[in-house]
């Protein structure tokens, strides 16, 4: 049996002194996310896609933004916990494909490290992790990061 998950996450970014986390790594930037957790938009989209693949709810249900315990939480923990729920149901990741929409900073040179970080978190081969950076095509100064992820899981 196979299941498909999809999710989208978006965070405003601003010059706030917070680290810019993406895919489990810190990318140098003057901008940081506005978020209750560490604001790793990519890991949030992947985690929620896992939840959606088995109709397990959303991140807000498991990691409420009103909780002190989740404040500034490392999103690698969020992703690991969501994937544990998938594994507990007898499924595992086949592959994921994610898109990061962001004007600055440019991510191309960080892609190998981002993919390796996600593969390590999910204990999978790096070839099962596809990340594509895109921009807003100079539509104007857009200060946010948006990530979308689709993934396939299987119980074979």
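The values are calculated or read from the model by the stated rules, or taken from the named source; none is laboratory data. Fair warning: this is a prediction, and the values are worked out from it, not measured in the lab. Virtual Cβ from ideal backbone geometry, glycine too; neighbours counted across all protein chains shown.
Right, residue 15: within 19 Å of residue 111 (Cα to Cα) and surrounded by fewer than 17 Cβ atoms within 10 Å (Cβ to Cβ) or not? Judged against the criteria, residue 15 is not a match. Annotation for the range 51-72: no member residue is in a helix (DSSP H, G or I), under 20 Å from residue 13 (Cα atoms) and at pLDDT 95 or above.
Here is the figure for the range 90-143: residues that are without any contact (Cβ under 8 Å) to a residue 60 or more places away in the chain, over 21 Å from residue 27 (Cα atoms) and in contact with a strand residue (DSSP E or B) (Cβ under 6 Å, 6 or more places away or on another chain) total 4.
Yes/no per residue for (1) over 13 Å from residue 5 (Cβ atoms); (2) surrounded by 15 or more Cβ atoms within 10 Å (Cβ to Cβ):
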position	(1), (2)
34	yes, no
70	yes, yes
76	yes, yes
79	no, yes
86	no, yes
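Within the range 20-39, the set of residues being in contact with a helix residue (DSSP H, G or I) (Cβ under 9 Å, 6 or more places away or on another chain), part of a strand (DSSP E or B) and either more than 16 Å from residue 146 (Cα to Cα) or touching a residue at least 60 places away in the same chain (Cβ under 8 Å) (or both) comprises 22, 25, 27, 33. Across the range 1-24, what is the number of residues that are under 11 Å from the mean Cα position of the chain (by Cα) and farther than 30 Å from residue 90 by Cβ? Counting residues in the range 1-24 that are under 11 Å from the mean Cα position of the chain (by Cα) and farther than 30 Å from residue 90 by Cβ gives 3. Scanning the range 73-93 for residues that are over 17 Å from the mean Cα position of the chain (by Cα) and either in a helix (DSSP H, G or I) or at positive phi (or both) yields 87, 88, 90.
Only residues that are assigned to a strand (DSSP E or B) and under 15 Å from the mean Cα position of the chain (by Cα) were counted in the range 94-133, giving 12. Scanning the range 16-30 for residues that are touching a strand residue (DSSP E or B) at 6+ places or on another chain (Cβ under 9 Å) and modelled with pLDDT of 90 or more returns 18, 19, 20, 21, 22, 23, 26, 27, 28, 29, 30.
Considering (1) modelled with pLDDT of 95 or more; (2) under 20 Å from residue 99 (Cα atoms); (3) in contact with a strand residue (DSSP E or B) (Cβ under 9 Å, 6 or more places away or on another chain), the lone condition that residue 33 does not fulfil carries the number (1).
Filtering the range 94-114 to residues that are surrounded by 19 or more Cβ atoms within 10 Å (Cβ to Cβ) and over 15 Å from residue 131 (Cα atoms) leaves only 103.
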